[in-house]
Every structure is written in C-alpha cells, then in structure tokens.
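Read-outs throughout are calculated quantities, based only on the coordinates presented, and are distinct from any laboratory measurement. The shown structure was predicted, so the numbers you read here are calculated from the model rather than taken from an experiment. Cβ: placed from backbone, ideal geometry, glycine included. Neighbour counts: every protein chain shown.
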Amino acid sequence: MKKLYVFLNNLTDISMGDVSADKAIPPSGYTANLTSFTAGAMAFLAVFAMALSLATGRLADRWSGELARTTTVRISAPEGQMQAQLDAVVNVLETTTGIASARVMTDDEQRRLLEPWFGPDLPLENLPIPRLVEVMEADIGPDMEGLRLRLSAEAPGAVLDDHTRWRRPLVVAANRLRSLGTIAILLIAGSTAAMITLAAQSALAANGQIISVLRLVGARDVYIARAFVRRFTMRALLGAIIGTTLGMIAIFFLPSAAEEGAFLTGLGFEGWYWMWPLLIPPLTALVAFWATRAAAFRALARIS
C-alpha cells in the first residue's frame, strides 16, 4: 500500500508537477526515442499475446463445456440391417434417463463433416459410411457404462463415443496456449523494463557533467531523478498508446471465427473484453516509472 501511495504521488509530479526539473536536463536524444519505440513495439505484441490468451481461453471453455454434453453413436452394419439397428439405437436413447435429445444426422451433415478431408464431391451413397446419431445430454448425464451395455444388446453395430479421447488433449492444448499467452505478457513487461532501464542509464551517463553542476548549485538527487523519470515515463506512455492502438486495429481486421470452427479463427476480443488492451498503456507507464526511478538512483549514487 505504501509503494502504491509513493507511485501515485510521484506520478502526479510527473504528469502535473515540477516541469522545471525536466528543463534542467538537456534532451536525451536517441535514448528517449528508443524508449518510445520499445514501448510501442512491446505494447503491440502485448495486444496480440492478450488476444491469444483470451481466445484460447474461450476455446477451452467451449470445448470443455459444449462437447462435455455431446455424445455420438456410430452405427456400422450391413445395408439390410442398418435401418433396424438405427431405429433400435434411437429407441434406446429416447428411453434412457439423462439424455435430453437424440437426432440422426442427415447425409448432408455427414458430408459436411467429411468435406475437409475428402472434398465436396464425396459419394456417400456408394461408400460404406457409418450412420451417426447426435446425442445431447441433460444436466445430469446418463450412466455411460449402462448405456453401452444396452446399445451392444439392442444394436451390435453401435459404438458410443463420448469424445473424451480427443476432447481432453484439445482442452489441455488450449489451456497451455492460454498460459503461454500470459507468460508472453510477463516477458514483454520484463523486456520493456530492461530496455527502459538501459536507455535511462545511458541518458544519465551522458549527462554526468550536468548532473555534477546541478549538485554544486544545490539540486538534490530526487530533483534530478524526477526529470529523468518524468521524461522516460511520458515517452513510454506515448509509445504504448500508439502501439496499443495499432495492435487493436490489427486485431479488429483479423478474420472472424469460421463456421467450421477452425482452430484459432476468431482470434481477438469480444464484447467488453475490448477494454482489456486499454490497461496496457498505464501498466507500461508503471513499469517505466519504477524502472527509470531505480536506474536513476543507482546511477546517481555512482556519479560523483
């Protein structure tokens, strides 16, 4: 809490307060421009890392939620027995507790499922394609083992697939991508702090003689440090605003989510999540403030 108070107090001085301290130090040249460029580039990357993290989070939630309540029954039987086994499967599903609905998928729906692998002209009528029954579970799902036993007795060609085998790896992958997005944001923040620290140290070293003169006329280290903190914090804030704006524009023009549910389509923000990138500029200013402040006092302690 004390550190937050110190930051807010100093930030007020930086944005509104003692501007004369800034005028006492000559322009920092390329180091200030480097700070703006670094902050802008890192903010741009942070927008994409945040979008990746949120998008994969939505995927993980959807896969673990919607698919957890969806089951498929696959029926493979000779042509003369297919309809009888299909009717038996539907009857078993409709009379099983925990099943909300059961629907036989049409040929067109099965064709669309196979189209990405076999093309749009797949002749289903000439191929021994299994029939699929889409099952939606109720809030309290059925007894899967008991359902499998009933299906094997009523329809020997029916196979119950609750999607667990392939759903779990997808959810794990999406969650790991979300974690990688968070780690990327932390690495971006650390890299920004390192670059701003180096730029501030370079500026302080270049103005060593001026700092010595200011000390001779009575300037305190806090007064001198405030000039550098103000300059680099404002530069970082400006660069982050530009980088965040460009990143949000780029995200806005990315392709929207595909109807086929292709992986990582619709990468971006939805609804009020568009407010999240607006946190990047003030957080960048916070990082710049502490990095420059620490670098300034360390450098001033070395300058005699």
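Of all the Cα-Cα pairs you can form in region 169-304, what percent are over 19 Å apart? The partial results should precede the final answer.
Numbers: 5688 of 9180 pairs.
Roughly 62 percent, rounded to a whole number.
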- Message: Please compute, for the alpha-carbon atoms of region 77-156, the extent along each of the three principal axes and give them in descending order in Å.
- Response: 39, 30, 16
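Given R₀ = 41 Å, what would the calculated FRET efficiency be for Leu149 paired with Glu115, taking r from the Cβ atoms and rounding to 0.05? Mind showing how you got there, number by number?
Numbers: r = 35 Å, r/R0 = 0.84.
Computed FRET efficiency for Leu149 and Glu115: 0.75.
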- Message: Based on C-alpha coordinates, I'd like the Rg and Dmax of region 137-245, in Å.
- Response: 31.0, 98
- Message: Starting from 0.36 nm per residue, how many nanometres of slack lie between Met82 and Ser101 once their C-alpha separation is accounted for?
- Response: 4.8 nm
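How much length would be gained if the chain were fully extended between Glu270 and Asp139, taking 0.36 nm per residue of separation minus their Cα-Cα distance, in nm to one decimal? Present the calculation step by step, with values, prior to reporting the outcome.
Values: separation 131, 0.36 × 131 = 47.16 nm, distance 2.71 nm.
Stretched fully, the Glu270-Asp139 segment lengthens by 44.4 nm.
Mean separation of Cα pairs under 8 Å and 6+ residues apart, divided by the residue count of region 77-156: what relative contact order is that in percent?
On the way: 71 pairs, mean separation 35.8, N = 80.
RCO, region 77-156: 45 percent.
If you count, for each residue, the other Cβ atoms within 10 Å and average over each peptide, how do 175-185, 97-107 line up from highest to lowest?
Packing order, densest peptide first, comes out as 175-185, 97-107.
Count the net charge of all other residues whose Cβ sits under 12 Å from the Cβ of Val135, scoring Lys and Arg as +1 and Asp and Glu as -1. Spell out each step's value before the answer.
On the way: positive: Arg69, Arg74, Arg103; negative: Glu94, Glu134, Glu137, Asp161, Asp162.
Computed value for this residue: -2.
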